[in-house]
Amino acid sequence: MTLFQTLQTANSEEDVKDAYVKALGLKSLSKGLIDIRTSEIWFEAKAALTPPAAMFAQLLSYVRMAIKNRPPHQEYREYLLERRDSLLPIDERSFKGAYYTPLKVVDKAYDLLAKTLGKNWQQKYIVWDMCCGVGNLEVKHSNHRNVFMSTLDQADLDVMKASQTCVAATHFQYDYLNDDIDDFCQFDYSLTNKMPQALRQAIADAKANKKGAKKILVLMNPPYAEATNANNIAIGTGAKNKEGVAKTKVANCMMTNYGKATNELFAQFMVRISQELPNAILATFSTLKYVNSPNFEQFRAIWRAKYLGGFIVPSKTFDGLKGNFPIGFLVWDTNKKLSLTEIATEVLNKDAQWIGEKQFYNLPNDSFLNVWINRPRANEEPVIPLKNAITPTTSEPRVSTWTRDGVAYMYCGVNDFQHAGQQTVLMSSVYHGGNGFYLTENNLWQAAVVFAVRLLIPHTWINHNDQFLQPTERLTPSFKNDCLIWMLFHGKNATASANDLQWNDKKWCIVNHFIPFTETEVNAKGRFESSFMSDYLKGLTLSKEATAVLNAGREIWRAYFATDFERKIRTEYKLNRPDVGWYQIRKALEAAGKESGNDFDFSVFKAAYDALSEKLRPMVYELGFLK
């Protein structure tokens, strides 16, 4: 009885295990070390001596038999084909940043190549994919004799051999970031003798512009792993990314002037390609960092090519890839050394369907918003470093002193949408990790503008890499004041007050300078130590939208002082001073409502705040803060 027939009669998981154990010759393996998961069959033999590729080869013959007897729908055949990568260990794939290309995205890539290179590109170009994985990028190719497929991992080759992927193509194991680079940083293919002679000759002919030689197309989806750990190429406090992945000969030999781009494996591939295959067409999947990230400014000054076209898809299209950002498939003519200024891409959704277009810009770092603001210098006055509104740091702080006439500190990290949501916080003492600036009366309006601009537009996978820019139009007093009120009542305004915070074997207090009302206005039960913000607002003319927010906020402040909070709420939110902050007031009222079963009504405030937000959002683009 065949495996297929046996599985048709199975009545339990034990029957299924017995069938697989017998078919794969795993009789010495305890069934307790075997897992089977559904809804699709997932067979996992833990601690099996039989290599996964060998098991897969055997299983494939059974799958083919099943298909012959009961052919699955096209979508399931596609699924089986593209998930060959599942045989490889997940942890190892993740470490190396290798994420395999869905076939629906491959189809779109081939459509784009036909559009940019001509419909006969598969006949005219020699294709080399030097990080081919299990061959998903090549299975759609119609002329595999023109295709060279290399990969770092022998397991990839085993899977392709077992699944008979692109059998007419030339497959070989090759470490593109290390192999055949001599001590003088020159290419010497005799060092490993891994590269096929036909590919060596094609490279030599292309470099020499030999008449009649086929052009070379590099088609790849390189690893996205980044090394920013202090033990790797880059040195960074608290960096936690993949240790060891960027230590390559390409990084050491060829990228001494590329700055932080050296940390990125896909950038290392691009740099070697530019030197080894200077006339090639490069068609590559990657993140968009090399197009507009500040860390790639040095890379863009050196690496040059003519942009031919491209598209972006959500990162969630790629199984196992965490985050929510764009993956681009961009096509470049490396023979034409043009500086990158801006590119236009098509936008595809997770189903690889067209939904729009997107521009990406290469702008100098000195045009970014994070260098626009006046940053007061620190002095030697010690303060308590915080990790959130009212919690002292438990790690070694990077900042622990104040500034002259300081009233707050803004954690203001990396200058893009990816980081703005998490790295924009206003605090009453310094943020322990630094990456921010002090606020005084002189730069308060700028701080409010920066705060609002970074948080007004929601993050999406499409705008993930966009950089915030310095304004190109005059900022009116009304806009500045609107931003200030918007900042004061935003959830990321974590200014607060507290006594008896313990840090570094000492008790500290923090003072809240950002209360927009006087004690009388809100029926406070004690004196506010600082009247900075209420005094500051007296001299301003507010818009009707900002006034509505201020009025609604005042009622919430009054409700706070009219509430008798339980001890555990007072303790949790450090409600031991009259000059509490917006964070403490919101959280305390929410907690009290939850305890009583009668939620506090923020609806009037929310409507006013939403109206101010809707007014400000289009102005972020109109004033040039985003393109």
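The values are calculated or read from the model by the stated rules, or taken from the named source; none is laboratory data. This is a predicted model, so every value here is computed, not measured. Note: ideal-geometry Cβ built from the backbone for every residue, glycine included; neighbour counts use all protein chains shown. To get the accessible areas, we keep the full protein, side chains included, count just its heavy atoms, and leave off ligands, DNA and RNA. Shrake-Rupley method; radii C 1.70, N 1.55, O 1.52, S 1.80 Å.
Within the group 156, 183, 175, which residue is without any contact (Cβ under 8 Å) to a residue 40 or more places away in the chain and in contact with a Leu (Cβ under 9 Å, 6 or more places away or on another chain)? Step by step, each of 156, 183, 175 is checked, and only 175 is without any contact (Cβ under 8 Å) to a residue 40 or more places away in the chain and in contact with a Leu (Cβ under 9 Å, 6 or more places away or on another chain).
Which one is farthest from residue 302 (Cα to Cα), of the residues in the stretch 247-266 that are open to solvent by 40 Å² or more (accessible area, probe 1.4 Å) and assigned to a helix (DSSP H, G or I)? Give the steps one after another, and end with the answer.
Taking the stretch 247-266 as the starting set, the residues that turn out to be open to solvent by 40 Å² or more (accessible area, probe 1.4 Å) are 247, 249, 252-253, 256-257, 260.
Pick out the ones that are also assigned to a helix (DSSP H, G or I) and you get 249, 252-253, 260.
Values: 249: 19, 252: 16, 253: 15, 260: 13 Å.
Across the stretch 247-266, the extreme among qualifying residues is 249.
Every residue, every condition in (1) buried (at least 22 other Cβ atoms within 10 Å of the Cβ); (2) at pLDDT 95 or above; (3) more than 23 Å from residue 346 (Cβ to Cβ), yes or no:
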| position | (1), (2), (3) |
| --- | --- |
| 226 | yes, no, yes |
| 234 | no, no, yes |
| 238 | no, no, yes |
| 275 | no, yes, yes |
| 283 | yes, yes, no |
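Filtered by the rule that a residue be over 20 Å from the mean Cα position of the chain (by Cα), assigned to a loop (DSSP other than H, G, I, E, B) and under 30 Å from residue 275 (Cα atoms), the stretch 325-362 gives 334, 335, 336, 337, 338, 339, 340, 341. Cβ-Cβ distances below 9 Å connect the following pairs, each with a first residue in the stretch 248-275 that is free of Cβ contacts under 8 Å to residues at least 24 places away in the same chain, a second residue that is surrounded by 22 or more Cβ atoms within 10 Å (Cβ to Cβ) and of a type outside the set (Val, Ile, Thr), and a separation of six or more residues or different chains: 255/261; 255/267; 255/268; 255/299. Confirm whether residue 579 is charged (D, E, K, R) and touching a residue at least 12 places away in the same chain (Cβ under 8 Å). So residue 579 passes the test.
Go through the stretch 513-627 and tell me which helices (runs of 4 or more DSSP H), entirely inside it, have 1 or more residues that are open to solvent by 20 Å² or more (accessible area, probe 1.4 Å) and of a type in the set (S, T, N, Q). Lay out the reasoning, then the answer.
On the way: elements: 519-522, 532-538, 544-561, 567-572, 582-596, 603-622.
Output list reads 519-522, 544-561, 567-572, 582-596, 603-622.
Considering the stretch 100-126, and only residues there that are among the β-branched types (Val, Ile, Thr) and not in a loop (DSSP other than H, G, I, E, B), the residue that is nearest to residue 143 (Cα to Cα) turns out to be 126. Applying the set (1) in contact with a Ser or Thr (Cβ under 6 Å, 6 or more places away or on another chain); (2) open to solvent by 60 Å² or more (accessible area, probe 1.4 Å); (3) of a type in the set (Lys, Arg) to residue 358 leaves exactly one unmet item: (2).
Working only within the stretch 290-312, note down all residues that are in contact (Cβ under 8 Å) with a residue 60 or more places away in the chain and open to solvent by less than 50 Å² (accessible area, probe 1.4 Å). Outline the logic, then answer.
In the first step, residues of the stretch 290-312 are kept if they are in contact (Cβ under 8 Å) with a residue 60 or more places away in the chain; the result is 291-294, 297, 300, 308-312.
Passing the criteria: 291, 292, 293, 294, 300, 309, 310, 311, 312.
Within the stretch 494-512, track down each residue that is within 14 Å of residue 579 (Cβ to Cβ), open to solvent by less than 10 Å² (accessible area, probe 1.4 Å) and either hydroxyl-bearing (Ser, Thr, Tyr) or not in a loop (DSSP other than H, G, I, E, B) (or both).
We begin by selecting, within the stretch 494-512, every residue within 14 Å of residue 579 (Cβ to Cβ); these are 495-499, 509-512.
So of that shortlist, the ones also open to solvent by less than 10 Å² (accessible area, probe 1.4 Å) come out as 495-498, 510, 512.
If the condition is that a residue be within 14 Å of residue 579 (Cβ to Cβ), open to solvent by less than 10 Å² (accessible area, probe 1.4 Å) and either hydroxyl-bearing (Ser, Thr, Tyr) or not in a loop (DSSP other than H, G, I, E, B) (or both), then 495, 497, 498, 510 are the ones that fit.
So, in the stretch 388-413, how many residues would count as being assigned to a loop (DSSP other than H, G, I, E, B) and out of contact with any Gly (no Cβ under 6 Å at 6 or more places or on another chain)? Lay out the reasoning, then the answer.
First, the residues of the stretch 388-413 that are assigned to a loop (DSSP other than H, G, I, E, B): 389-390, 393-400, 402-407, 413.
Checking the rest, the ones that are also out of contact with any Gly (no Cβ under 6 Å at 6 or more places or on another chain) come to 389-390, 393-397, 400, 402-407, 413.
Final tally of qualifying residues: 15.
Restricting 367, 315, 400 to those that are surrounded by fewer than 18 Cβ atoms within 10 Å (Cβ to Cβ) and not basic (Lys, Arg) reduces the list to 367.
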